[in-house]
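Readers should treat all values here as calculations from the given coordinates under stated rules, not as data from a laboratory. Only a predicted model underlies this, so the values are computations on that prediction, with no experimental measurement involved. As a convention, Cβ positions derive from the backbone with ideal geometry for all residues, glycine included, and neighbour counts pool all protein chains shown.
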Amino acid sequence: MAFISLHKVSYTYMGRQKAAVREISLKLDQAEKIAVTGLNGSGKSTLAKLILGLLKPQSGNITLDGRPVGKYSLVEIGEKIGYVLQNPNQMLFNTSVYNEVAFGLKWKGKSKKEIDYLCKKYLDLFELWDLRAELPFNLSEGQKQLVALSAVLALQPRFLILDEPTKSIDTFRKGRLKDILQEIWRRGTGIMVISHDHDFIAKFDDRRIHMAGGEVVEDAG
Ligand SMILES: Nc1ncnc2c1ncn2[C@@H]1O[C@H](COP(=O)(O)OP(=O)(O)OP(=O)(O)O)[C@@H](O)[C@H]1O
Ligand SMILES: [Mg+2]
């Protein structure tokens, strides 16, 4: 059974004539490494938001672990799939960088000591520990993106969806991120990376899904 399964899924934004995603059928396994490519406006982010239950399809159906996505709460989906949206501003809502990473860990019932350890470990990955007391709102776009990534990685999800994770980050941290993702994939985390960065996704295109005009026009392993 596929971990994520879409059957003829379509979605049209309110007030739009044309569907952003049209009749997409896909099966994604839990341990896969998938790159999603396509031009601006081809429907990549919409596809991710549909899988994550942030948008509800007008037709077709999506299942996660064998159960319709609509039957899960957003928190339950978040427990199965870690994700970073294209706009990190939509993800950050805590009063410090530290709390941004600690938030999900607290939710999972980790002890104060474990939270401290994991916050340091995951913020250190991108050399963000020194910024731990800062208000996320005041960070640069790249730093915000990395804080959102640290927070999601700290939860050690079974599957990750990253929408343009390298958009604003420097070459050094991009290399670091590539290595980390490789490593967690090797340990069993499935990864779907949406990206225009061909260098970066060269490591993630064991399977490449290419979108155009809201449809999957190529799905090659
Ligand atoms: N909130 C919205 N309201 C109305 N239309 C939207 C909205 N978000 C996206 N769209 C439209 O849906 C289509 C697909 O957009 P989507 O953001 O999924 O593309 P994308 O492939 O992620 O593009 P990019 O590479 O620029 O991130 C586009 O035509 C876009 O204009
Ligand atoms: Mg997008």
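For the reader, a short list of remarks on this structure follows.
- Test item: Cα-centred dipole of segment 1-131, Lys/Arg +1 and Asp/Glu -1 on Cβ, debye: 480
- Peptides 73-80, 128-135, 155-162 ordered by average Cβ neighbours within 10 Å, highest first: 155-162, 128-135, 73-80
- Between the listed residues VAL216, ILE194, GLN156, the Cα displaced farthest toward the positive end of the dipole of segment 156-219, a dipole computed from Cβ unit charges relative to the Cα centre, is found at GLN156.
- Residues within the reach of a label modelled at ILE77 (point 7 angstrom out along Cα to beta-carbon, backbone nitrogen below 17 Å), restricted to segment 191-212, are 192-194.
- Three-way shape label, segment 73-182, alpha-carbon gyration tensor, a/c 1.5: rounded
- Helical content alone sets the calculated 222 nm signal of the chain at -10000 deg cm²/dmol, taking -39,500 (n - 2.57) per DSSP H segment of four or more residues and averaging over every residue.
- Residue among GLY109, PHE172, LEU135 farthest towards the positive dipole end of the chain, charges placed on Cβ: GLY109
- Cβ-based exposure ranking for VAL69, VAL21, in which fewest neighbours within 10 Å come first: VAL69, VAL21
- If R0 is taken as 25 Å, the Cβ-Cβ distance between LYS108 and ASP130 corresponds to a FRET efficiency of 0.50.
- Between segment 74-118 and segment 141-174, the Cα center-to-center distance that results, in Å: 12
- Cα-based shape type of segment 165-212, given that a ≥ b ≥ c are square roots of the gyration tensor eigenvalues and the cut on a/c is 1.5: oblate
- Net dipole in debye of segment 166-221 [+1 Lys, Arg Cβ; -1 Asp, Glu Cβ; about Cα centre; nearest 20]: 340
- Simple spin-label estimate for MET14 and GLN90 in nanometres, 7 Å along Cα-Cβ: 1.5
- Calculated on the Cα set of the chain, radius of gyration then Dmax: 17.1, 53 Å.
- The magnitude of the dipole of the chain, with charges of +1 and -1 set on the Cβ of Lys/Arg and Asp/Glu and taken from the Cα centre, is near 560 debye.
- Cα long-axis angle, helix 97-107 against the chain (0 to 90 degrees, to the nearest 10): 70
- In range of the label at ASP197: residues from segment 19-42 whose backbone nitrogen is under 20 Å from the point 7 Å along Cα→Cβ: 33-42
- Over the chain, relative contact order from alpha-carbon pairs under 8 Å, at least 6 apart, %: 30
- Measuring against 27 Å, Cα to Cα, the residue pairs LYS80/LYS203; LYS113/LYS203; LYS33/LYS106; LYS56/LYS120; LYS167/LYS203; LYS27/LYS112 contain LYS113/LYS203; LYS33/LYS106; LYS56/LYS120; LYS27/LYS112 as the ones spanning a longer distance.
- Classified by the C-alpha gyration tensor, segment 101-161 has an oblate form. Its axis ratio a/c, with a ≥ b ≥ c, is 1.5 or above, and a/b does not exceed b/c.
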